[in-house]
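**Student:** Take a look at the following structure, please.
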Amino acid sequence: MTHPLKVLVVGAKFGELYLNSFLVEQPGLQLAGLLANGSPRARALANAFGIPLYTDIAQLPADLDLACVVVRSGVVGGAGGQLTERLLQRGVHVIQEHPVHPDEIARHQLLAASVGRHYRVNSFYPHTEAGRCWINAARQVRQLLAGQAPNLAQLTTSRQLLYSSLDLMLQALGSELAAQARVSLVDRDAHFHTLALDLPDCRVLLRLQRWMNPDDPDLHSLVMHQMCLAWPSGYLSLDASYGPVNWTPALHSDSHADARQTGYTSTAAYLQRPTALPLHPAAANWRDAEEIEGPAGVGHLLQQVRSHLAGEPVEARFSDSYQLALARVWQEVLRCAGPAEQRAATAPLPIDAAQLRAGSLGA
């Protein structure tokens, strides 16, 4: 490639985070336009980024290289799949925002292969710094422990974030295991289904929120992303969508039963070890998450795709086979859990750190 890849963003809502990835320089990439419905939001974004606003695929120039389709796919009632097909047929590489039905993925993969183009589903959160830290730390722990599987694997999430949560967990455990996953329903309570995701060397306990608010389905997640992997050496946790990621070493002392010393006279090595190791901090606030952390993850993905188009090998966890297996696991979890219950929900009461600190000091 002798020229920068010209990138089109399709969709002006969540697509804003894709646009924001170009607030910093993206070597080898050029933001070339926004395809949207012409709303005031879309016009304002196109004006702010100094790019053309297109309202129909027929208006697009012929020299676009890569499109990011950030429009709901068919499985959630949107036109993202149709847009993806039309763009691939025009000879444009496509990144499609999740979730995407496995049948739709298979169809897009076949079309992309037939026209010699690249197609990938983006589940978004695994590409953020917090997501990459979680995945890479889990892989490193297993490497240090000679491949030992975790003794505990659990995640809690909502219907809205299930796809990306499964991607975060399966990449951490080994993407090659996804095709062998078996799903079963274990229990249910008023707010969560508990399911088992059985892999060849471990079982993941998945707590999935059983209800959604039909008036605002993007919000009201009791938990967005929370997951934990534990070994005898300690446990690794992703506590929220944008961090923190922590490693909590196991407490162990070889001299624990030695009655000759008190704690303050002991020189045991374990006393110098930290009680917990922060590996990645949480995003400071939601503005930082949506203007910096999330867009940086999109930028990382775009650079990754650029390198693949330039001939760099594709890792197994980003392969077509893994993307299809992930979508099938997602579909099977939803099938086992059954349709989401529809419940009205009001705005939650905000509770900030100052209120919690004040309460704890009074205890």
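The values are calculated or read from the model by the stated rules, or taken from the named source; none is laboratory data. Please read these numbers as outputs of a predicted model, since none were measured by experiment. Backbone-built Cβ (ideal geometry, glycine too); neighbour counts: all protein chains shown.
**Student:** Of the conditions (1) touching a residue at least 60 places away in the same chain (Cβ under 8 Å); (2) under 17 Å from ARG306 (Cα atoms); (3) assigned to a helix (DSSP H, G or I); (4) out of contact with any Gly (no Cβ under 6 Å at 6 or more places or on another chain), LEU88 fails just one. Which one is it?
**Tutor:** (1)
**Student:** Can you say whether VAL7 is of a type in the set (A, V, I, L, M, F, W, C), buried (at least 21 other Cβ atoms within 10 Å of the Cβ) and more than 19 Å from SER307 (Cα to Cα), as far as the supplied structure shows?
**Tutor:** The answer is no for VAL7.
**Student:** Let me ask something additional. Of all strands (runs of 3 or more DSSP E) completely enclosed by the stretch 181-254, which ones contain at least 1 residues that are aromatic (Phe, Trp, Tyr)? First the steps, then the outcome.
**Tutor:** Details: elements: 182-188, 192-198, 203-209, 225-231, 234-238, 245-249.
Ranges flagged: 192-198, 225-231, 234-238, 245-249.
**Student:** So which residues in the stretch 1-60 are in contact with a strand residue (DSSP E or B) (Cβ under 9 Å, 6 or more places away or on another chain), touching a residue at least 40 places away in the same chain (Cβ under 8 Å) and assigned to a loop (DSSP other than H, G, I, E, B), if there are any at all?
**Tutor:** Passing the criteria: GLY11, PHE14, GLN26, GLY28, LEU60.
**Student:** Something else about it: Step by step: first the residues of the stretch 133-180, then only those that are of a type in the set (Lys, Arg) and assigned to a helix (DSSP H, G or I), then the one that is farthest from VAL333 (Cα to Cα). Which residue is that? Show your work before the answer.
**Tutor:** Taking the stretch 133-180 and keeping what is of a type in the set (Lys, Arg), we get 139, 142, 159.
Narrowing the set further to residues that are assigned to a helix (DSSP H, G or I) leaves 139, 142.
Working: ARG139: 24, ARG142: 26 Å.
Looking at the filtered set, the residue picked out is ARG142.
**Student:** Just a yes or no: is a residue in the stretch 63-73 in contact (Cβ under 8 Å) with a residue 24 or more places away in the chain and over 28 Å from the mean Cα position of the chain (by Cα)?
**Tutor:** Scanning the stretch 63-73 turns up at least one residue that is in contact (Cβ under 8 Å) with a residue 24 or more places away in the chain and over 28 Å from the mean Cα position of the chain (by Cα).
**Student:** Can you pull out the residues in the stretch 133-151 that are surrounded by fewer than 17 Cβ atoms within 10 Å (Cβ to Cβ) and either not hydrophobic (A, V, I, L, M, F, W, C) or not assigned by TED's automatic domain parsing to the domain that holds ASP201 (or both)? Talk me through it step by step, then tell me what you get.
**Tutor:** Pass one, the stretch 133-151, residues surrounded by fewer than 17 Cβ atoms within 10 Å (Cβ to Cβ): 136, 139-140, 143-148, 151.
Answer for the stretch 133-151, where residues must be surrounded by fewer than 17 Cβ atoms within 10 Å (Cβ to Cβ) and either not hydrophobic (A, V, I, L, M, F, W, C) or not assigned by TED's automatic domain parsing to the domain that holds ASP201 (or both): ASN136, ARG139, GLN140, GLN143, GLY147, GLN148, ASN151.
**Student:** Given the conditions (1) part of a loop (DSSP other than H, G, I, E, B); (2) among the hydrophobic types (A, V, I, L, M, F, W, C); (3) surrounded by 23 or more Cβ atoms within 10 Å (Cβ to Cβ); (4) in the same structural domain as ARG203 (by TED's automatic domain parsing), and given that VAL100 satisfies all but one, which numbered condition is not satisfied?
**Tutor:** Single failed check for VAL100: (4).
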